[in-house]
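Inspection log for the structure reproduced underneath, given as structure tokens.
The values are calculated or read from the model by the stated rules, or taken from the named source; none is laboratory data. On a predicted model such as this, the values are computed, not experimentally measured, just so you know. Glycine also receives a Cβ, built like all others from the backbone with ideal geometry; neighbour counts cover every protein chain displayed.
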Amino acid sequence: MTAIAMHSAALAKRSLIKTMRTPEALIDVTIQPVIFLLLFTYLFGGAIADGDRHAYLQFLLPGMLAQSLAMGGVALGQNLNADIEKGVFDRFRSLPISRAAPLIGAVSADVIRYLSVCVSLLLFGTIMGFRVETGVLPALGAVALSIGFGLCFCWISVWVGMMVRTSGAVQGIMFLLVLPLTFGSNVFVSTDTLPGWLQAFVAVNPITPLVEAIRGLLVGGPVAGPLTTTLLWMAGLLVVFVPLALRAYSRRA
Amino acid sequence: MRAVPAGTGNLLGMTEDLVVRAEGLRKRFGSTQALDGVDLSMRRGTVLGVLGPNGAGKTTAVRVLATLLRPDEGRAFVAGIDVLKNPRQVRRKIGLTGQYASVDEDLTGVQNLVLIGRLLDLSGRDARRRADELLEWFDLSEAARRPAKTYSGGMRRRLDLAASLVGQPEVIFLDEPTTGLDPAKREDMWGVVRTQVASGASVLLTTQYLEEADALADEIVVVNHGKVIAHDTPDGLKRKVGGQTLRVRPADPARLPDVLRLLDLVAAPGTAASLDEAAGSRPGAASVPVSSDEALDKLIPALRADRVEVTELALHLPSLDEVFHALTGRVRTEELV
């Protein structure tokens, strides 16, 4: 293993130890998505899907995966911001390691959070009556795609975490971004009910192809097209936000 | 009292091994000129105390030397390596303990130190061994498996210092290592610093405590408003700023008039002996400002000739407090904190 991979692994282990020590920090990727799932299925589901709650659950759960993953990255930026404020990162910066290692390590450890999102939603969804209609392999593919997207999307949060002064501000800014992206998409409703201008936004929203791809992989439907678009978006997120985050980290005094 | 290092009469002109050397460092944050042309030099194997009030630029200077911050202007070398050109190599040579304990509170003592070891390319086993060794040395073995957030302030500071020593650095930067510690804990830390120096490390420490600089530093740099306003040994600084005082306490208080008369004979030009009447000082002694150590040599035979028995006979240098006030024009110590 190269030095940067070893250092990142050591730092990822640090983040995992912290996560294990404070399980309550996993609420936003376990209980919270489940509460959203319950809320939308039983409170709005009947109205939205004309009484057919099961059909709505089949429609909603793949979308909930996407929304919870986008929100799941917010905590990462907050944690990194707190690390900087507490001086923990000064110690890392005074060590002969790559400047990228602390960020790569922290992002890698976030896999456990995105996996938690997938497991909680699929497990609890199954109890509520959700059924995978495709097969084990496509379902695993949906989980892999979800986690992969989470790992790319969270670099926005990392960048914001490097730029702003407090971890509260990280949350505020990220919610301003994540809420329009996830609600202004095909997560909760079929997009043909939306006004034209909103449909235009939904069409260019990266959450839309992600949700389509996950839906295809879990309950059937077109996969190849939306999957390709999603993978391009993921690459784009990395190309833009990894360098931005690294530069902000290096510049932060 | 620590011995005065050799050759201190010619601090800046010396060509001997300088482990830290900085020239003309400038750094501006918005409208604040944090460093306004700072020169620093520290000889290998010594302790350099950087002394100054809050906001004087001490921390900024340390952050530049520890490669955390690029100066706007100036050059700096640590262990002979250019801090600006080869920061990565400098990081192999240094240990840093920041103003705020920078251990990870959620990790245990041993996890914190093993992490640093791994980041310094030690194998898992070696990192573990080094961590155990340091924890034992810092008297933290019993707390090794507890999260650092359960540690007391002193324990956390020790762990933080241990973390900066994992890589056995040549140069250790301690940014206000004892701020907020009670006096007993402070002396513990001083012991640790002395041990490090005894084992060959060079230590640059910043402090607001004059007492700390006096107790630990071989040389002191006084910083104020981003500028170095003095660089000398502690004794040299005291000598430079304030004169020395000779104090005599006769065994029989009735002999005080004789003592005053004899002290006047050795007084520095334009001064006279006086009774110690300052608040807090025990009465029954007299003091006089003197211009050199020779006053003592003259006084002792004179006292003997007059058969004055004394219980106290001492040459006092001014405290660093007084030195600092004289240098910075500040009035009271409280303003420093």
Enumeration of residues in the range B:145-183 that are under 17 Å from the mean Cα position of the chain (by Cα), more than 14 Å from chain A (Cβ to nearest Cβ) and part of a helix (DSSP H, G or I): B:183
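With of a type in the set (A, V, I, L, M, F, W, C), out of contact with any Leu (no Cβ under 9 Å at 6 or more places or on another chain), buried (at least 21 other Cβ atoms within 10 Å of the Cβ) and under 24 Å from residue A:156 (Cα atoms) as the only criterion, which of A:76, A:65 stands out? Let's see the steps before the verdict.
Working: A:65 fails: out of contact with any Leu (no Cβ under 9 Å at 6 or more places or on another chain).
Within the list A:76, A:65, the selection yields A:76.
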Which listed residue is in contact with a Lys or Arg (Cβ under 9 Å, 6 or more places away or on another chain) and within 14 Å of another protein chain (Cβ to nearest Cβ), from A:101, A:106: A:106
Which numbered condition residue B:128 fails, given (1) more than 9 Å from chain A (Cβ to nearest Cβ); (2) buried (at least 16 other Cβ atoms within 10 Å of the Cβ); (3) under 26 Å from residue B:216 (Cβ atoms); (4) charged (D, E, K, R): (3)
Check on residue A:96, over 30 Å from residue A:218 (Cα atoms) and part of a loop (DSSP other than H, G, I, E, B): yes
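Of all residues in the range B:196-206, which are crowded, with 18+ Cβ neighbours inside 10 Å and either part of a loop (DSSP other than H, G, I, E, B) or at pLDDT 90 or above (or both)? Full working, then the answer.
Kept after step one, since they are crowded, with 18+ Cβ neighbours inside 10 Å, are these residues of the range B:196-206: B:196, B:201-206.
Those that are crowded, with 18+ Cβ neighbours inside 10 Å and either part of a loop (DSSP other than H, G, I, E, B) or at pLDDT 90 or above (or both): B:201, B:202, B:203, B:204, B:205, B:206.
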Tally of residues being in contact with a Ser or Thr (Cβ under 6 Å, 6 or more places away or on another chain) and either within 17 Å of residue A:65 (Cα to Cα) or crowded, with 18+ Cβ neighbours inside 10 Å (or both) across the range A:1-25: 1
Within the range A:1-23, considering residues that are closer than 17 Å to residue A:94 by Cα and of a type outside the set (A, V, I, L, M), the one farthest from the other protein chains (Cβ to nearest Cβ): A:8
Single residue of the range B:66-104 satisfying the filter (assigned to a loop (DSSP other than H, G, I, E, B), among the polar types (S, T, N, Q) and at negative phi) that is nearest to the other protein chains (Cβ to nearest Cβ): B:102
Matching entry among B:48, B:69 (being touching a Ser or Thr at 6+ places or on another chain (Cβ under 9 Å) and modelled with pLDDT of 95 or more): B:48
Candidates B:46, B:59 - the one that is touching a residue at least 60 places away in the same chain (Cβ under 8 Å), within 12 Å of another protein chain (Cβ to nearest Cβ), of a type in the set (Ser, Thr, Tyr) and out of contact with any Pro (no Cβ under 6 Å at 6 or more places or on another chain): B:59
Among the candidates B:84, B:140, B:68, residue that is in the same structural domain as residue B:223 (by TED's automatic domain parsing) and farther than 25 Å from residue B:29 by Cα: B:140
First in the range A:198-218 and over 10 Å from residue A:63 (Cβ atoms), second anywhere and among the hydroxyl-bearing types (Ser, Thr, Tyr) and assigned to a helix (DSSP H, G or I), Cβ under 6 Å, 6 or more apart: A:199/A:191; A:202/A:191; A:202/A:208; A:209/A:229; A:209/A:230; A:213/A:230
Where a residue in the range A:237-253 is within 14 Å of chain B (Cβ to nearest Cβ) and its partner, wherever it lies, is in a helix (DSSP H, G or I), with Cβ under 7 Å and at least six apart: A:249/A:103; A:249/A:162; A:252/A:84; A:252/A:162
Criterion violated by residue A:51 - all others in (1) more than 20 Å from the chain's Cα centre (by Cα); (2) of a type outside the set (Asp, Glu); (3) in a helix (DSSP H, G or I); (4) away from chain B (no Cβ under 14 Å) satisfied: (3)
Considering residues of the range A:54-93 that are within 14 Å of another protein chain (Cβ to nearest Cβ) and among the β-branched types (Val, Ile, Thr) only, the residue farthest from residue B:157 (Cα to Cα): A:84
Selection within the range B:105-125 - touching a strand residue (DSSP E or B) at 6+ places or on another chain (Cβ under 7 Å) and more than 7 Å from chain A (Cβ to nearest Cβ): B:105, B:108
Residues located in the range B:198-255, provided they are more than 22 Å from residue B:41 (Cβ to Cβ), out of contact with any helix residue (DSSP H, G or I) (no Cβ under 6 Å at 6 or more places or on another chain) and not small (Gly, Ala, Ser): B:209, B:211, B:244, B:245, B:247, B:249, B:252, B:253, B:255
Complete set of residues in the range B:257-316 that are more than 23 Å from residue B:235 (Cα to Cα), of a type outside the set (A, V, I, L, M) and in contact (Cβ under 8 Å) with a residue 40 or more places away in the chain: B:258, B:306, B:309, B:311
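Would you be able to tell me the number of residues in the range B:211-261 that are part of a helix (DSSP H, G or I) and of a type in the set (A, V, I, L, M, F, W, C)? If you could, list the steps in order and put the result at the bottom.
At the first step, the residues of the range B:211-261 found to be part of a helix (DSSP H, G or I) are B:211-216, B:234-241, B:253-261.
Next, only the ones that are of a type in the set (A, V, I, L, M, F, W, C) stay: B:213, B:215-216, B:237, B:241, B:254, B:256, B:259-260.
Residues that pass the stated criteria total 9.
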Counted residues, the range A:25-48 - those being more than 11 Å from every other protein chain (Cβ to nearest Cβ) and under 18 Å from residue A:73 (Cβ atoms): 9
Residue tally, condition farther than 30 Å from residue A:41 by Cα and in contact (Cβ under 8 Å) with a residue 12 or more places away in the chain, over the range A:84-135: 17
